[in-house]
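Below is one structure, written out as structure tokens; the observations come after it.
The values are calculated or read from the model by the stated rules, or taken from the named source; none is laboratory data. If you're wondering where the values come from, they're calculated on a predicted model, not measured in any experiment. Glycine also receives a Cβ, built like all others from the backbone with ideal geometry; neighbour counts cover every protein chain displayed. For the accessible areas, the whole protein counts, side chains as well, though only heavy atoms, and no ligand, DNA or RNA atoms are used. Shrake-Rupley method; radii C 1.70, N 1.55, O 1.52, S 1.80 Å.
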Amino acid sequence: MIDRPETDSLGDVELLRLPPLGLDADSILSDSIHYHRRMLGRRTFRTHEHFLYQALVHATRDRLTERWIESRTDLARGQGKRACYLSLEFLMGRLLRNALLNLGITDEASEALDRLGVKLEDVHEQEHDAGLGNGGLGRLAACFLDSCATLGLPVTGYGIRYRFGMFHQRLENGYQVEEPDSWLREGYPWEIERIERRQTIKFGGKVKRFKDSMGRVHIDWIDTHDVLAIPYDIPIPGYRNDVVNTLRLWSAAATDEFDLEEFNAGSYGDAVAAKNEAENITMVLYPNAETENGRELRLRQQYFLASASLQDIIADWARQNGNDFDQFADKYCFQLNDTHPAIAVPELMRLLMDEHGFGWDKAWQVTTSTMAYTNHTLLPEALETWPVAMFETLLPRVLEIIYEINVRFLAEVSRHWPGDLEILKRMSLIQETPEKKIRMAYLAIVGSYSVNGVAALHSKLLQQGLFRDFAELWPTKFNNKTNGVTQRRWLAACNPGLADLISGRIGEDWVTDLEQLEKLVPLADDSDFQQEWRTVKQDNKTRLAANIESKTGYPVDPEMMFDVQVKRIHEYKRQLLNVLHTIHLYDRIVRGDGDDLPPRVIIIGGKAAPGYDMAKAHIKLINNIAEVINTDPAMRGRLQLLFYPDYNVSAMELICPAADLSEQISTAGKEASGTGNMKFMMNGAVTIGTLDGANVEILEAVGDENFFLFGLTVEEIPAVRETYDPQSIIDNDRDFRRVMRLLDNGHFNHFEPGIFDSVIAAVRDPQDPWMTAADFRGFVDAQDAVGRAYQDTSSWTRMSILNSARSGRFSTDRTMRDYNRDIWHLEKLNAGDS
Ligand code: 26Q
């Protein structure tokens, strides 16, 4: 990009060229000072590091922006295909560290700040996490964006700019208390508002049909309550390739600042109320809880995102191609991140038919050759459904289209299974009882040309279970795309010690080609390399220990084994099983049978959905047990339990480099993939896990000698369930009995009687869907094997190295290549090497 001519023309657009910005420390320093002084109007650097952070972001953003504009020019000039990743969540975390890494100016920025007497690390701490997601699904979207930009794939993220992201978690007497995440309060220097690309979104109203002079029927959706969608763009840089893609987040605004008529009539309150109602749409990220299902505001959010994004793309298309949509499907592809944006299917139909005059068949042809759907769950109760009644009032025209899709779809089903009424009922997009509801997953399947799961096991189970009928009808639609994580954030940036050690031995190619880590395999037995590997791990543990002490007040000894489970708190993830094992270790030490155990600190972190009482009880239980263990002198130096508060992306960046043991212990068949498992593996933690989600593929990659496997398999579970009797399992297992006795006796809640009754009862419930008791013995035995293995330092280090060495498949670079090869078929942008 550096040596292109001074001006460039693209159609009638004249682009003025500026000299490229320097990437050296001097240039970064002088630009940062410029922003600090002249834009932010601040005088001194050291007292308020936040302003220095903002200044450095602006200097960095300028360097991204010049590449961003080039990338967009390339995209506009070339006639290639693009993909749009539609997602209600983008869990981006902090951006500065990765922007510097990808631009290749980390050292330069650090040097620039040194001259001001400020540490780059302290400046990073000033950045608020962009917590626009709940967990895995949202973070996956963020990793995808990094990999697409690095691969030069033209992929735009479309999401919502929530005023309040994922809530902050505070602990009060061991209970989770939610606090608003006001991440935009001090301004967000990464975003650029693009008011000129605003769109209007309709809600409510009614549908009117009329005939034109030619006798053609037209459809008008009238008397609507309109809301503006304002886009804010965030640059997504590739790794040292001059490509910058876009994350476009929509914010809702009232169509008129005030409804003047109301205002003049004296009802100032009503005028402001209308404005508030519009802006409410993007006010807050919904936490994922079944209790949140069916909330009207959530449906508004989904439609708002789908409609704004599609209108944005169609407006672009129409500017260049008029009303000729013949090539549209060759140039665009929409990847739906779960069913949350699945309303894009009928919305694209509506835009093509009602606003661009296409007939059904043509519109359906375009829709079903541009939409692709990714499923992220196997829990039937987590499949989205929306009451038809809600659609009727909120989106009447969209509902008509869904009905028509259903009529035509059911006709196809009858042709395939003539006379089978049962299957019609089963596959209908409308669930009839107990309440009429729209099955969003079925809508997404019918409207898409590709449906994928996120790990091999998950995709197989989808086709055999939840979506069996559909897989039988359209076998070629279904495919697997195993998740990944970006090694730029999850190794290069968050674990500089390990990154340097690795690069020193095998070079830096792994940063864009993770399979290169295989070259570490021969080093796994090299005792010098092992020693260096341990030193890095130890330093990372020390760093995390300091962080934990500052957050919890508990000192942590970095010599102990770090046994870590961090993820959303959910029964299927079985933090409870981890807790039962912790109590067992405590009991062993108390009864004098703990001398062979390696000193271990168990770290559990994660947020519970605010309406999920059982998950919240688990948090309280963990904290109460922690209090007992951590204040017992007999446990000192031997066993510790810590609840890591307010777990988020930035916390994981400190945690995963420091973990020895990664807990991935969900009930088999429940975790679609997991991605934390991959971050830990990449950073040299060994996994203790069930045969669930991507654990299956991790086990395959490292071999069973480097993985602690336990638990019932998906195949075994149904038979065990038939005669499942947790009480007899407890009765027949001395260790389990003792653990339950401590719980029953209120050992961890002396002054709070009864508060854990429902948690304890769930373990004993023959109907327990998560079958915690069934896997207790297997888990305890596997943990015992872990404890023994950990004491052989050299062989443990070997396992650790091999886990990292075999993590190559779990890069989102591979995942994105797979999506592109099988679903998107995009050509790479040629920036950087042009
Ligand atoms: C639904 C209705 C109303 C409000 C919120 C929601 C909602 C929001 C988020 C439902 C689900 C989610 C998030 C799900 C999620 O994170 N799933 C995880 O996706 C990962 C990436 O594929 C997988 O690795 C995990 O296994 C899966 O649990």
Checked against the positive end of the charge dipole of the chain (+1 on Cβ of Lys and Arg, -1 on Cβ of Asp and Glu, about the Cα centre), the farthest of Pro20, Ser307, Phe643 is Ser307
Once Leu18 and Lys211 are pulled to full extension, the length gained, defined as 0.36 nm per residue separation minus their Cα-Cα distance, is 64.0 nm
Quick calc, Asp107 & Asp593: beta-carbon distance into FRET formula, R0 51 Å, rounding 0.05, result 0.45
Where a ≥ b ≥ c are root eigenvalues of the Cα gyration tensor, a/c under 1.5 meaning rounded, otherwise prolate if a/b exceeds b/c and oblate otherwise, region 206-350 counts as oblate
Asserting the computed 222 nm helical MRE of the chain (DSSP H runs at least 4 long, -39500 (n - 2.57) per run, divided by residue count, to nearest 500) equals -13000 deg cm²/dmol
The relative contact order of region 392-515, taking Cα pairs under 8 Å that sit 6 or more residues apart, comes to a percentage of 16 percent
The chain: relative contact order from alpha carbon pairs under 8 Å, six or more residues apart, as a whole percent, is 14 percent
Checked against the positive end of the charge dipole of the chain (+1 on Cβ of Lys and Arg, -1 on Cβ of Asp and Glu, about the Cα centre), the farthest of Pro599, Val454, His356 is His356
The value for the chain (convex hull of the alpha-carbon atoms, volume per residue, Å³) is 189 Å³
Dipole check, the chain, charges on Cβ (K,R +1; D,E -1), about Cα centroid: among Val536, Met740, Gln199 the Cα furthest to the positive pole belongs to Gln199
quick note, region 331-439, DSSP beta bridge pairs, % antiparallel (nearest 5) is 55 percent
Here, trypsin sites (Lys or Arg not before Pro) of region 282-391 satisfying both criteria (DSSP loop; at most 16 other Cβ within 10 Å) are Arg295
Contact order relative to length for region 262-343, counting C-alpha pairs under 8 Å separated by 6 or more residues, stands in percent at 26 percent
Cross-link reach from Lys202 to lysines, straight Cα distance under 17 Å and at least 8 residues apart if same chain, gives Lys275
The lysines whose Cα lies under 27 Å from the Cα of Lys519, excluding any fewer than 8 residues away in the same chain, are Lys481, Lys537, Lys541, Lys679
Once Arg415 and Glu716 are pulled to full extension, the length gained, defined as 0.36 nm per residue separation minus their Cα-Cα distance, is 104.7 nm
Heavy-atom accessible area per residue of the chain, all protein chains kept, 1.4 Å probe, expressed in Å², is 39 Å²
Measuring from its Cα centre, region 121-264 shows a charge dipole (+1 at each Lys and Arg Cβ, -1 at each Asp and Glu Cβ) which, in debye to the nearest 20, is 1080 debye
Carbon plus sulfur, as percent of the 1.4 Å-probe accessible area of the chain, comes to 49 percent
Any lysines whose Cα falls less than 19 Å from that of Lys477, other than same-chain ones fewer than 8 residues away, would be Lys460
Quick shape check on region 267-350: root eigenvalues a ≥ b ≥ c of the Cα gyration tensor, a/c under 1.5 is rounded, otherwise prolate if a/b tops b/c, else oblate, and it reads oblate
In nm, the gap between the two label points placed 7 Å beyond Cα toward Cβ at Glu172 and Ile69 is 5.0 nm
Looks like region 773-834, by Cα gyration tensor root eigenvalues a ≥ b ≥ c and the a/c under 1.5 rounded cutoff (else prolate when a/b is bigger than b/c, oblate otherwise), is oblate
If R0 = 56 Å, then Asp557 and Asn276, at their Cβ-Cβ distance, give a FRET efficiency to the nearest 0.05 of 0.60
Quick calc, Arg543 & Gln791: beta-carbon distance into FRET formula, R0 30 Å, rounding 0.05, result 0.80
Here the percent of antiparallel bridges among DSSP beta bridges lying wholly in the chain, to the nearest 5, is 50 percent
Measuring from its Cα centre, region 375-499 shows a charge dipole (+1 at each Lys and Arg Cβ, -1 at each Asp and Glu Cβ) which, in debye to the nearest 20, is 560 debye
Using alpha carbon centers only, region 401-440 is separated from region 723-785 by a whole-angstrom value of 43 Å
The extension gain from Leu116 to Glu355, computed as 0.36 nm times the residue separation minus the Cα-Cα distance, is 80.4 nm
With the label point 7 Å along the Cα-to-beta-carbon line of Thr723 and a cut-off under 16 Å to each amide N, the hits in region 774-814 are 774
Hits in region 75-96: amide N under 14 Å from the 7 Å Cα→Cβ extension of His825, namely 80-83
Computed about the Cα centre, the charge dipole of region 781-829 from +1 Lys/Arg and -1 Asp/Glu charges at the Cβ has a magnitude in debye, to the nearest 20, of 220 debye
